[in-house]
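Participant: My questions will all concern the structure given below.
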Amino acid sequence: EFPSYKLHSLTEAVLPDPVFEAGKTYVYKYEALLLAGLLEKGSARAGLNISSKVSINAIDQNTYFIKLEEPELQEYSGNWPEDPFIPATELTSALQAELTTPIKFEYVNGAVGKVFAPETVSTTVLNIYRGILNVFQLNVKKTLNVYELQEAGTQGVCKTLYSITEDTEAERVYLRKTRDMSHCQERITKDMGLAYTEKCGKCQEDTKNLKGVSSYSYIMKPLDNGIQIKEASVHELIQFSPFSEQHGAAHMETKYVRRPPYAPTTPPPQAEYSHRGNLTYQFSTELLQLPILLLNINDIESQLEDTLNHLVKQAVERVHEDAPLEFLKFVQLLRAASNETLENLWSKHSGISAHRKWIMDAIPAVGNPDALRFIKEKYLAETITVFEAVQALITSFHMVTATTEAIEVIESLTKESKIVRNPFLRQIVFLGYGTMIYKHCYERTSCPAELIQPIQDLLAQALKDGNTEDIILFVKALGNAAHPSSLKKITKMLPLHSKLGSSLPVRVHAEAMMALKNIAKKEPKTVQYLAFQLYGDKTLHSEIRMLACMVLFETKPSMSLVSAVVHIVKTDTNMQVASFTYSHMKSLTRSTTLSCYHCSAAACKAALRMLGPNLDKLSSRFSKAIHVDVYSSPFMLGAAATAYYINDAATIMPKSITTRIKAFFAGAAADILEVGVRTEGLQEAFLKNPAVFDSADRVTRMKHVIKALSHWKSAPNSKSLTSIYVKFFGQEVAFLIFANNNADTFGRDVFKALQSGPTLRFVKPLLANEVRRIMPTIAGFPMELGLYTAAVAAVPVKVTTTPALPEDFYLRYLLKADIHISTKVTPSVAVNTFAVFGINTAILQAVMVSRAKLYSITPAKTEVTFNINEGYLNFTALPVSVPENITAVEVETFAVVRNPASGERITPVIPANPRQILITKFISQRQKAGMHIKSKMVKSKKKYCAQTVNAGLKACLKIATAYTGDAAVYKLAGKHSAAFSVTPIEGEAAERLELEVQLGSKAAQKIIKHITLREEEIPEETPVLMKLHKILASTQKNSTMSSSSSSSRSSRFQVRSSSSNSSSSSHSSRKTIDATAQQKRFLDSQAAIFGMIFRAVKADTKKQGYQFTAYMDKTTSRLQIILDDIVPDNNWRLCADGAVLSMHKVKAKMNWGAECNQYDTAITTETGLVGRNPAARLKVDWNRLPSDLKHHAKTYETSQTLSCILIQEKDRNSDKQLSLTVAVVSDKIIDLIWKTPRVRTRALHLPITLPRNEIKDLTSFSDVSGKVKHLLAAAGAAECSFTGNTLTTFNNKKLKNEMPSNCYQVLAQDGTDELKFIVLLRKDRTEQKQISVKIAHIDIDLYQRRTSVTVNVNGLEIPMSNLPYRYPQADIQIKQNGEGISVYAASYGLHEVYFDKKSWKIKVVDWMKGKTCGLCGKADGETMQEYRTPTGWIATTAVSFAHSWILPAESCRDATECRMKHESVQLEKQENVQAQNSKCYSVDPVLRCMAGCFPVRTTNVTVGFHCLPAGSSPSSMYTSVDLMETTESHLACTCTAQCA
């Protein structure tokens, strides 16, 4: 192939190719300088200088020898350019033999060809030779002097610009060429740990965070047969910054010069040479060499042994702060070890638990196929446990390099019987299988389909067998792999056109859609069109359509495609899908990221304008998508969080929730974490009666009732399929499906483990990330840009539990026992993160390193004693030895140069003893030469402390920072530290901290500080008692608050009046309270019902701490709470008094300060009405407030928070009171009204529907907990009601229901196969209605009898005097409710069935939403799909819908006296359809009298008709509608005696 080039200008000069004449030796003086560091002079840098003579001589035509003579290496670590180079004498001696070995190469027409070298020459040294030969790579165009081409070189095939000038007088040719490393056809790089990232090429190009350029300058002399290179100089600069370049950068600089004198010819060496590639750089040991440390490996077995023992010793009690670096050393040694060495290490230490853990955690970090093979062999040999195998495999799948060899190892694992028999381990292996294929194919334009074929074959077999669990597993594996060849397999499983896809459950469809999300990264357009097709199919399940919407926007759709989505939303009848789509687009309009959703944001903004705001008003029970992100373009840093809330029936608990966190850094994005939870059936499993599952007879009976409904289709049973999956970096690592566990067994096992007094030493080392980019420099040395994080955590735990319990004890035994648990735990963690930039080889490292260290240790020693039956708990924190700093963070940047012979030399950017640092910057040419700017180092130290004398502890946070320069990179490269410490106060240290809690009558025994009688003897004339008396006495009046209102609604609050009995009781109660308040300010200690004491026990035995006590006087309904400082001479106290003054009013008074007399406030809570709306009011008034509280309110005056406004207004309130009233205006709106005394009103829209009618009857304070529970259940219930002649469905859609006589109509029933309940309605000839509730094993009939309602259970009448009635064999209650009767069976799905003379209503519980059917609908919130018939089709009219749920008679002599049936009627006239005469039959069922009967009452109904060509045979069922016509429907029939 010939390189392409661009023509810039022509010249008449004809230049020959460079040549080396035969019989001559060309000797060049070679000098190469490599430096890594910050851009400014005076900053720390690390580098290498190589100087040598280079000789070249020809051995035959086009073949030459090149040799280094007298090589010398020098290291650099210092402040450039002040500090000198240091000769690396030992390193030079060690490499002398390799460096001076001649290399053979081919050279034709200025192009370097094959390279030959002895096997004794390492790849690293050979790359140095390639860097030298790269200078001689010249593509000289004989007729051009300026041109561009893609030129091959050591670093790849990159864009190169040539410029040639000729000096004929001096007989010199000057050639300059420049290589742009940012524009390469083939760039030689090696990336590790980047497979999970999404690159944004545009972002990196705009911000130029990584760029490289090299320039070559040649002086050449024309010869008769070519041109001779006299001198060459090369300069390369590679610059990197995680931010935009205007914020500074680190750089790698390479320079070298060659000047040739002549020398005599030297004979070629006698050695065996082998082909070692060409000019292109070849990667060597730098792939396994960490740039953080350089080891001199001489006896690897002993070095592994010593390092392992050192690691174990460092984590006995607590982790050493340098443990992560030592762990990296252990990993580096394992990478260099042979399989035999590893086996010897395992054999020797596998029996020692501490050593074994370190080996098992380090093996995955080795990162090669041998690591996987080791884990496989040990598991199959049963030398490691399942738990060890699981954690080792999960880590390995993400750390092992995905070679074909590694993939073959994993494939073999999937076939092992021991793996197959363990479901969880099998799941981990298959998910990892997919992950490895994804990593292998990450940067390949074409990836062989043979890699993924085994999983596809297993999926095909699972589909054939109908094994749903296996299908889901293999689909998830295909999703991890994201191989484009799987697209066809997954498409077949979707409910598009294939019979297979339609037959699979929705759960499988959902998993298939999630698998498409990863494939979309490689095939965005194909997946985009597929997702749009699924989204537009309105016959599909709503969850599948919402997932299709999610995948669609992941592919960054165009404006035209988003417009098509808008068109679908406008005509969509499914509100769940519409809500999800609208919220998703609305969230994306606020996106600020450049690389993620930037393309879709503008399209979504236009889409919202087309849709309008109506969909934004849907409640939170409809599906939503939320996306929030933040992104800084200058710093190329950001984060995004996305949540998908998918529901299908407007229930409180959604069907699934998915959350995802994404990070953006340096022009790349990665899905850090994704967690998905499916709650399908969870709510029902908790609340449903278990007996529902156990009765086949009941289901048979229910089906017999509705067998007359032809073609009725039940929904599948709701199984408890609660599951959770976790993804890291877009790859699913595990998923769990939860089953019902025996809680008693589980709890007993846990307590047995604690009782055995385990001593646990949990130690977990982890190489959390290893992100590397390695690229060659022009000198042939590899430059690495890397980020490494290693962490080690240790948690030694010692637990002892008493008393000893019997072997077969039950958890209820713990309710009666005194349990004592002692725990000592010392959690510690050390984390080291390294950012590296520079040269990394096995012989030398010269790098800039930024190291961040975190070390934390939080020891604790506690004792807990409790007795559940006695209501007693004692928690004690004992003193422990605490280090100087509990948590410490350090960040430091330094230049370091290392070699195995002489060790390392380090130069910190910020010296240990800071001095003024000079940063030299070149000034513009207008200023005098030699001027520079001096910038002093910026230093800062801060310390924040707080202490508590009672606990005897002091906490401090110390922050120190030092950096040079204002750019973000220089601040980051500075020296920073933060330390948090907790130390005892000298002379105030506590021996222990105790928290003691006592409930019940024994609380009085725990009181430390009693209130003496002297404190109670306060004269009646004191202002405090007079005020208390006034407040309590004033409550006897039936008060009514009135004030001016600026609101359109009335704000007058009326207190709810009680019945005469309750009023009398309240009046008596108030008298008792008043008398008690006058006689006794504090209740006796014997009235204590709760006591809590927090105290610090010190050596001086002085009491310090607080005492919290609650007292109850049941005779006066008085509750008193006192908070005391237990220090004897401290009279600070907080006193709170409360009482129930009536069924609608509760009052409390709170005093605090010295003897509870310094400050006071009173709070009143009451229920009543605002106009006709039920309301509750909170009223507050006080005399004195602490000045600090007032000052705080004034400080935050601008914040306009409610509390601040109230406090400030109170000071101006002459009535000295304020109030907040909450009024229920409607089912979804409440009014907030606060008076200060100015009235403010705000309407608040609620996400749920309030049971407003029930609130009016439940506003008293009696049985508060039961009423709250009832209201919450009612708020979640869906209601269907009938009043007059109008029926309101569960979805609040109104329709007229003209019932036929004597026939049962299905109002509501459980639409699943379980058939938990059926509610039927019947109207007899006298127009009297009857409700029949069939539930569990009973039939409940509610019917009208003259002026009252009667209830029958299984045919037996229940007298009204026996109500409420509870069925003994099931959780079913029947109660009188006003003028009607209510049936409650929440555990069966029926919250309430109410029936009276004029109306009825049915309420189903929240978990039944979407699972009901009948005249009341599905309760799924989908009002546009309300008329769903028993067949599942949507009826065209309300009448057809209502008639479809009539239970027809089996014969004309049926006991129900129903004489009608459903039938498809033929249109009396013939129609011309599609140019042919046709007979038309009704699609919707029409009620007609049975044979032998005739109608006595009819109605007209409009139904859809399906037409067939005349002469065709009619079918029993039609699905499509050709025309709409009106026909006659029968409502009442009479039959002859001869009817069939």
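The values are calculated or read from the model by the stated rules, or taken from the named source; none is laboratory data. Keep in mind that this is a model prediction, so the values were computed, not measured. Counting neighbours? That spans all protein chains shown, and the Cβs are built from the backbone with ideal geometry, glycine included. These accessible areas exclude ligands, DNA and RNA; they are computed on the full protein's heavy atoms, side chains included. Shrake-Rupley method; radii C 1.70, N 1.55, O 1.52, S 1.80 Å.
Participant: Express the C-alpha Rg of region 1320-1377 as a ratio against the empirical globular expectation 2.2 N^0.38 Å, rounded to two decimals.
Facilitator: 1.14
Participant: Report ³J(HN,Hα) in whole Hz for each residue of region 772-782, in order, from the Karplus equation J = 6.51 cos²θ - 1.76 cosθ + 1.60 where θ = phi - 60°; Gly and Pro get x.
Facilitator: Once rounded to whole Hz, the list reads 9, 10, 10, 9, x, 8, 5, 7, x, 8, x.
Participant: Roughly speaking, what % of Cα-Cα pairs in region 492-562 are separated by over 17 Å, rounded to a whole number?
Facilitator: Distances greater than 17 Å cover 35 percent of the Cα pairs.
Participant: Something else about it: Give the accessible area for Lys488 in Å² (nearest 10); use a 1.4 Å probe, count only protein heavy atoms, and leave out ligands, DNA and RNA.
Facilitator: 140
Participant: How much FRET efficiency would the formula 1/(1 + (r/R0)^6) give for Ile1338 and Lys1398, where r is the Cβ-Cβ distance and R0 is 25 Å, rounded to 0.05?
Facilitator: 0.45
Participant: If you take every residue apart from Ala1278 with its C-beta less than 13 Å away from the C-beta of Ala1278, what net charge results, scoring Lys and Arg +1 and Asp and Glu -1?
Facilitator: 0
Participant: Let me ask you something else. What are the ³J(HN,Hα) values, in whole Hz, obtained from phi via the Karplus relation 6.51 cos²θ - 1.76 cosθ + 1.60 with θ = phi - 60°, for each residue of region 837-850 in sequence order, with x given for Gly and Pro?
Facilitator: 8, x, 7, 9, 9, 6, 9, 7, 10, 9, 9, 9, 10, 10
Participant: Can you pull out the GluC sites (Glu not before Pro) in region 1456-1540 whose DSSP state is coil and whose Cβ has at most 10 other Cβ atoms within 10 Å?
Facilitator: Here the GluC sites (Glu not before Pro) that fit, given the DSSP loop and packing criteria, are Glu1468.
Participant: Next question, about the same structure. In region 11-118, what is the volume of the convex hull around the alpha carbon atoms, normalised per residue and reported in Å³?
Facilitator: In region 11-118, the Cα convex hull volume per residue is 163 Å³.
Participant: A further question follows. What is the projected area of the convex hull of the Cα atoms of region 1097-1144, averaged over all directions, in nm²?
Facilitator: Averaging across all directions leaves 4.5 nm² for the Cα convex hull.
Participant: Find out how many positive minus negative residues lie around Val562, taking Lys and Arg as positive, Asp and Glu as negative, among other residues whose Cβ is under 12 Å from that of Val562.
Facilitator: With Lys, Arg at +1 and Asp, Glu at -1, the net is +3.
Participant: Could I ask something else about it? Evaluated at 20 °C with a viscosity of 1.002 mPa s, what Stokes-Einstein diffusion coefficient in µm²/s does region 304-462 have when Rh comes from the Kirkwood expression over alpha-carbon pairs?
Facilitator: Stokes-Einstein gives a translational diffusion coefficient of 128 µm²/s.
Participant: Something else about it: Provide, as a two-decimal number, the C-alpha radius of gyration of region 59-211 over 2.2 N^0.38 Å, N being how many residues it has.
Facilitator: In units of the globular-protein estimate, region 59-211 measures up at 1.33.
Participant: While we're looking at this one, here's another question. Return the subset of Lys439/Lys522; Lys655/Lys1294; Lys1293/Lys1418; Lys199/Lys605 for which the Cα-Cα distance in this structure is over 18 Å, preserving the input order.
Facilitator: Lys655/Lys1294; Lys199/Lys605
Participant: Please go through region 534-621 and write out the trypsin sites (Lys or Arg not before Pro) that DSSP classes as loop and that have at most 16 other C-beta atoms within 10 Å.
Facilitator: Lys538, Arg590
Participant: Could you tally the net charge around Arg1345, taking each other residue with its Cβ under 11 Å from the Cβ of Arg1345, Lys/Arg +1 and Asp/Glu -1?
Facilitator: +1
Participant: Hey, got the dipole for region 1298-1451? About the Cα centre, +1 on K and R Cβ, -1 on D and E Cβ, debye to the nearest 20?
Facilitator: 360
Participant: Tell me, what is the 1.4 Å probe accessible area of Thr383, in Å² to the nearest 10?
Facilitator: 60
Participant: Here is a follow-up. May I ask you to list the trypsin sites (Lys or Arg not before Pro) in region 1361-1439 that are in a DSSP loop and have at most 13 other Cβ atoms within 10 Å of their Cβ?
Facilitator: Qualifying residues, ordered by number: Lys1398.
Participant: Binning at 10 angstrom from zero up to the longest distance, how are the C-alpha pair distances of region 1324-1459 distributed in percent?
Facilitator: The percentages, shortest bin first, are 11, 34, 36, 18, 1.
Participant: Against the globular-protein guess of 2.2 N^0.38 Å, express the Cα radius of gyration of region 865-905 as a ratio, rounded to two decimals.
Facilitator: Cα Rg divided by the expected 2.2 N^0.38 Å: 2.82.
Participant: Exceeding 21 Å between C-alpha atoms, which entries from my cross-link table qualify? They are Lys521/Lys556; Lys104/Lys177; Lys764/Lys954.
Facilitator: Result: Lys104/Lys177; Lys764/Lys954 exceed 21 Å.
Participant: If all Cα-Cα distances of region 972-1014 are sorted into 10 Å bins from 0 onward, what percent lands in each bin, rounded to whole numbers?
Facilitator: 15, 23, 22, 19, 10, 8, 3
Participant: In cubic angstrom, how much convex hull volume per residue do the alpha carbon atoms of region 121-177 span?
Facilitator: 92
Participant: Right, something else. Give me the percent of Cα-Cα pairs in region 1372-1530 that sit more than 26 Å apart, rounded to a whole number.
Facilitator: It works out to 45 percent of all Cα pairs.
Participant: Using each residue's phi in region 426-442, evaluate 6.51 cos²θ - 1.76 cosθ + 1.60 at θ = phi - 60° and report the 3J(HN,Hα) Karplus result to the nearest Hz, with x for Gly and Pro.
Facilitator: Ordered by residue, 3J(HN,Hα) equals 4, 4, 4, 5, 5, 5, x, 4, x, 4, 5, 5, 4, 5, 5, 8, 4 Hz.
Participant: Order His483, His1010, His820 by their accessible area, 1.4 angstrom probe, all chains in place, largest first.
Facilitator: His1010, His820, His483
Participant: Something else about it: So, with +1 on the Cβ of K and R and -1 on the Cβ of D and E, and no other charges, what is the size of the charge dipole of region 1088-1142 about its Cα centre, to the nearest 20 debye?
Facilitator: Dipole magnitude for region 1088-1142 comes out near 140 debye.
Participant: So, one more: Give me the distance between the Cα centres of region 163-196 and region 494-512, rounded to whole Å.
Facilitator: If we compute the Cα centre of each part, the gap is 55 Å.
Participant: Among Tyr970, Val997, Ser981, pick out the residue whose Cα is farthest towards the positive end of the charge dipole of region 944-999, where Lys and Arg carry +1 and Asp and Glu carry -1 on C-beta, about the Cα centre.
Facilitator: Value: Tyr970.
Participant: Could you tell me the ratio Rg/Rh of region 437-517? Both radii from Cα atoms, Rh via Kirkwood.
Facilitator: 0.97
Participant: On to the next question. Which order do you get for Arg421, Arg1497, Arg1322 if you rank them by accessible area with a 1.4 Å probe, largest at the top?
Facilitator: Output order, biggest surface exposure first: Arg421, Arg1497, Arg1322.
Participant: Separate question: R0 = 56 Å: FRET efficiency of Glu90 with Lys142, Cβ-based, nearest 0.05?
Facilitator: Computed FRET efficiency for Glu90 and Lys142: 0.70.
Participant: How far, in nm, would the chain grow between Ala564 and Gln1158 when pulled straight, counting 0.36 nm per residue and subtracting the alpha carbon separation?
Facilitator: That works out to 206.9 nm of additional length.
Participant: So if R0 is 56 Å, what FRET efficiency would Ser632 and Glu1450 give, r being the distance between their Cβ atoms, rounded to the nearest 0.05?
Facilitator: E(calc), rounded to 0.05, equals 0.15.
Participant: Another one. Taking every pair of Cα atoms in region 1454-1540, average 1/r, invert it to obtain the Kirkwood radius, and report Rg/Rh to two decimals.
Facilitator: Computed over Cα atoms, the ratio is 1.04.
Participant: Further question: Label Leu999 and Phe665 with points 7 Å out from Cα along Cα→Cβ: what is the distance between them in nm?
Facilitator: So the two model labels end up 4.8 nm from each other.
Participant: Which value in nm describes the separation of the simple spin-label points at Leu1232 and Ser1348, placed 7 Å from the Cα toward the beta carbon?
Facilitator: The answer from the label model is 4.9 nm.
Participant: Right, another one. Restricting everything to alpha-carbon atoms, can you work out Rg to Rh for region 777-907 with a Kirkwood hydrodynamic radius?
Facilitator: 1.31
Participant: Next question, about the same structure. Would you mind working out the magnitude of the charge dipole of region 520-566 relative to its Cα centre, with +1 at each Lys and Arg C-beta and -1 at each Asp and Glu C-beta, to the nearest 20 Debye?
Facilitator: Charge dipole of region 520-566: 140 debye, to the nearest 20.
Participant: How far, in nm, would the chain grow between Ala860 and Asn298 when pulled straight, counting 0.36 nm per residue and subtracting the alpha carbon separation?
Facilitator: Gain on extension, Ala860 to Asn298, equals 198.0 nm.
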